[in-house]
Every structure is written in C-alpha cells, then in structure tokens.
Amino acid sequence: MELLYYKDAYLKECKSIILNSYKEDEKYYVKLDNNIFYAQGGGQKGDKGNIILDNKIYEVINCIKDEN
C-alpha cells in the first residue's frame, strides 16, 4: 500500500482501488491500494473523511493499520 500523505501531507483526494472489504461487529473495514488517510497510532486518532464509490458517499470514521 502506498501512503500518499508521506509524499504530500496536504492532499485532499486521490483515486484508490479497494483490495479487500469485510463487516465485523456492525462495522465495515476497507483495505485500499493507496490512500491519504493517516492511521491511528501513538495516541493520535486516525483521520476521518469520505470514500465516494458509485456516486455514494461512505463516511470514514477512523483509520487503522493492519498487521502488515
């Protein structure tokens, strides 16, 4: 996964491919091939924002790093 915020911390949007998605405990998780969301860590909350897919807006309420 390419973390675009390392290249430009001021990016407001990007195109990404959904690599994986699943639902667990009434929450949906999505893994992207690249993104501009900064992940939760070190006491800092993860970024929030939106994912637009097929003209629908999905709210991102937190970003976390997976085990990889």
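The values are calculated or read from the model by the stated rules, or taken from the named source; none is laboratory data. Given the structure is predicted, the values throughout are model-derived calculations rather than measurements. Quick reminder, even Gly has a Cβ in these numbers, built from the backbone with ideal geometry, and neighbours come from all protein chains shown. With ligands, DNA and RNA removed, areas are computed over all heavy atoms of the protein, side chains included. Shrake-Rupley method; radii C 1.70, N 1.55, O 1.52, S 1.80 Å.
Charges were assigned to the Cβ only: +1 to each Lys and Arg, -1 to each Asp and Glu. The resulting dipole of the chain about its Cα centre is roughly 180 debye. Here is the list for the chain: chymotrypsin sites (Phe, Trp or Tyr not before Pro) lying in DSSP coil, each with at most 15 other C-beta atoms within 10 angstrom of its C-beta, are 10, 38.
Within the straight-line cut-off of under 16 Å between alpha carbons, the lysines reachable from residue 7 are 15, sequence neighbours fewer than 8 places apart in one chain being disregarded.
Here the extension length gained between residue 10 and residue 30 equals 5.0 nm, from 0.36 nm per residue of separation less the Cα-Cα distance.
Between 53, 11, 32, the GNM of the chain built on Cα springs shorter than 10 angstrom shows 53 fluctuating the most. Close amide-amide hydrogen proximity is noted between residue 32 and 19, each under 5 Å apart and 5 or more residues distant or on a separate chain (H modeled in the peptide plane; Pro and chain starts excluded).
By accessible area, using a 1.4 Å probe on protein heavy atoms only, the chain has 48% of its surface on carbon and sulfur.
Applying both filters, DSSP loop and at most 13 other Cβ atoms within 10 Å, to the trypsin sites (Lys or Arg not before Pro) of segment 15-55 gives 15, 45, 48. Listed values (1) 102; (2) 111; (3) 73 include one computed from this model; for volume of the Cα convex hull per residue in Å³ that value carries the label (2). Per residue, the chain exposes 91 Å² of solvent-accessible protein surface, assessed with a 1.4 angstrom probe and all protein chains in place.
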